[in-house]
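The structure appears below as structure tokens.
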Amino acid sequence: MLHYIIRRVLIAIPVLFGITVINFFIIKLAPGNPVDMFIDPNTPKELLEMRKNLLGLNDPLLLQYVKWLFNLLQGQLGYSFSSYAPVTKMIGQCIGPTLLLSSSALLFAILIALPIGIVSAVKQNTKFDYLMTGLSFIGTSIPQFFLGLGLIYIVAVQLKWLPTGGMTTLGGTGGVWDYVRHLILPVFVLGIVIAGKKVRYVRASMLDVMKQDYLRTAISKGLHPFWVTNKHALRNALLPIITVIAMEIPLLLGGSILIEQIFQWPGIGQLTMQSILSRDYPTLMGLNLVAALIVLGTNLLADLLYSAADPRINYN
């Protein structure tokens, strides 16, 4: 297993390098430049050119990338064009809240989708199955921004049960319960869409496995249906389920950008939007690098979970 992990890491290095090249040139070829975003329009052109020279924006694109790559190899991601703070520090401050929000939403979605998908498969073509399938379609179809704004208006503004946004109460003492109260709405909005999609995947995977002959044999031998479903069927249905869940983890970053804007959650999503609007190239490159690492790490984690779910899979 260790040799397999090392091989995957070695393969990931050139892939990561290629991703940084593509991201860098796509960002640089976008219209506009960061100097125009935070300097007065009446500023003389000489001062604008001086500013671009200081930021290295007038250097050839290849030279700019080599400088960025050299800083990366030294563990540095440069400095933000808008705040002048180290990009590493900025991302480090924002990634914790985003990971908390994303992991909570994913756990919430799994806890909903897994049991509902299993029961829907067992009770195929019953009223429960039709009801859950219909609700999963509704959950998948509702736009996140609409659901988020609707819940803010009803639950936070009208009923005043939960805060409208943020991560902690301004002027409050904080604490675990304060974090939980601020997490409930964004986690629900982000997780309910994921759960809606995963219910159908779990149901379809379970139905496919439950048609196998070895399960019919287990039932005919008198094995309790609970153990047949949750031990034998679910164990063999986990591989495609692990795949779709692993594919969902990188997509959570994209979903969290919208959710963090709606609920004013101080994470990667807000930092991404600010960087896009200000054309903050170093920060955008750092964020893209983090996203690429998460995707590569997720794929490796999925492979490891395959072997844990199915002992027949051996990477040695």
message = Given a Förster distance of 35 Å, report the FRET efficiency between His3 and Leu107 from their Cβ-Cβ distance, rounded to the nearest 0.05.
response = 0.65
remark   = Ranked output for segments 269-275, 292-298 by mean other Cβ atoms within 10 Å, highest leading, reads 269-275, 292-298
query = How big is the charge dipole of region 150-231 about its Cα centre, in debye rounded to the nearest 20, if each Lys and Arg gets +1 on its Cβ and each Asp and Glu gets -1 on its Cβ?
reply = 340
note = region 6-101 -> Rg/Rh from Cα coords, Kirkwood Rh, value 1.04
remark   = So, with points 7 Å from each Cα along the Cβ direction, the Lys28-Ile276 label distance in nm works out to 2.2
ask   = Ile142 to Tyr179: extension gain in nm, 0.36 nm per residue of separation minus the Cα-Cα distance?
value = 10.7 nm
task = Quick one: go through region 227-255 and flag any residue whose amide nitrogen is under 20 Å from the point 7 Å out along the Cα-to-Cβ line of Arg312.
result = 228-244
ask   = In whole Å and largest first, what semi-axes does the C-alpha gyration tensor of the chain yield when each eigenvalue is scaled by 5 and square-rooted?
value = 44, 27, 15
ask   = What is the ratio of the Cα radius of gyration of region 176-266 to 2.2 N^0.38 Å, where N is its residue count, to two decimals?
value = 1.51
query = From the square roots a ≥ b ≥ c of the eigenvalues of the alpha-carbon gyration tensor of region 107-195, which class results: rounded (a/c under 1.5), prolate (a/b over b/c), or oblate?
reply = prolate
query = So, counting K/R as plus one and D/E as minus one, what does the shell of residues with Cβ under 11 Å around Ile245 add up to?
reply = +1
task = Determine the calculated [θ] at 222 nm for the chain from helices alone, applying -39500 (n - 2.57) to every DSSP H run no shorter than 4 residues and normalising by the residue count; nearest 500 deg cm²/dmol.
result = -24500 deg cm²/dmol
ask   = Can you give the extra length, in nm with one decimal, that the chain gains between Gln261 and Leu99 once fully stretched, where that is 0.36 nm per residue apart less the Cα-Cα distance?
value = 56.8 nm
Leading residue at positive end of dipole, region 39-134 (Cβ point charges), from Ala121, Ser102, Gly92 = Ala121
request  = Select from Met285, Gly267, Trp227 the residue farthest towards the positive end of the dipole of region 227-316; place +1 on Cβ of Lys and Arg, -1 on Cβ of Asp and Glu, and compute about the Cα centre.
outcome  = Trp227
inquiry  = Can you give the local net charge around Val202? Use residues other than it whose beta-carbon is closer than 15 angstrom to its beta-carbon, Lys and Arg +1, Asp and Glu -1.
reply    = +3
query = Which sequence of Glu260, Glu49 reflects their accessible areas, 1.4 Å probe, from the largest down?
reply = Glu49, Glu260
ask   = How many percent of the accessible area of the chain is carbon or sulfur, using a 1.4 Å probe?
value = 70
FRET efficiency for Thr169 and Leu304, using Cβ-Cβ distance with R0 set to 41 Å, rounded to 0.05 = 0.55
About the Cα centre, charge dipole magnitude for the chain (Lys/Arg +1, Asp/Glu -1 at Cβ), debye = 1000
note = Which residues qualify? For Tyr79, with a placed amide H closer than 5 Å and at least 5 residues away or on another chain, they are Val87
ask   = In what order, largest first, do Asp129, Asp208, Asp59 sit by accessible area if the probe radius is 1.4 Å?
value = Asp208, Asp59, Asp129
query = Using the Kyte-Doolittle scale, which helices in the chain average at least 0.5 and also have C-alpha atoms spread 20 Å or more along the helix axis, with helices defined as whole DSSP H runs?
reply = 2-28, 87-122, 176-210, 234-262, 281-309
task = Calculate, in whole percent, how much of the Cα-Cα pair population of region 208-316 lies beyond 18 Å.
result = 65
message = Springs between alpha-carbon pairs under 10 angstrom, Gaussian network model over the chain: which of Arg203, Arg235, Arg279 fluctuates most?
response = Arg235
Sequence of Trp161, Trp68 when ordered by accessible area, the most exposed leading, probe 1.4 angstrom = Trp161, Trp68
inquiry  = If I build a Gaussian network model for the chain, linking alpha-carbon pairs within less than 10 angstrom, which residue out of Leu147, Leu305, Leu63 has the largest mean-square fluctuation?
reply    = Leu63
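The values are calculated or read from the model by the stated rules, or taken from the named source; none is laboratory data. The structure displayed is predicted, hence computed values, not measured ones. Neighbour counts are summed over all protein chains in view; Cβ atoms, including those assigned to glycine, are modelled from backbone coordinates with ideal geometry. Note: areas computed on protein heavy atoms with side chains; ligands, DNA, RNA excluded. Shrake-Rupley method; radii C 1.70, N 1.55, O 1.52, S 1.80 Å.
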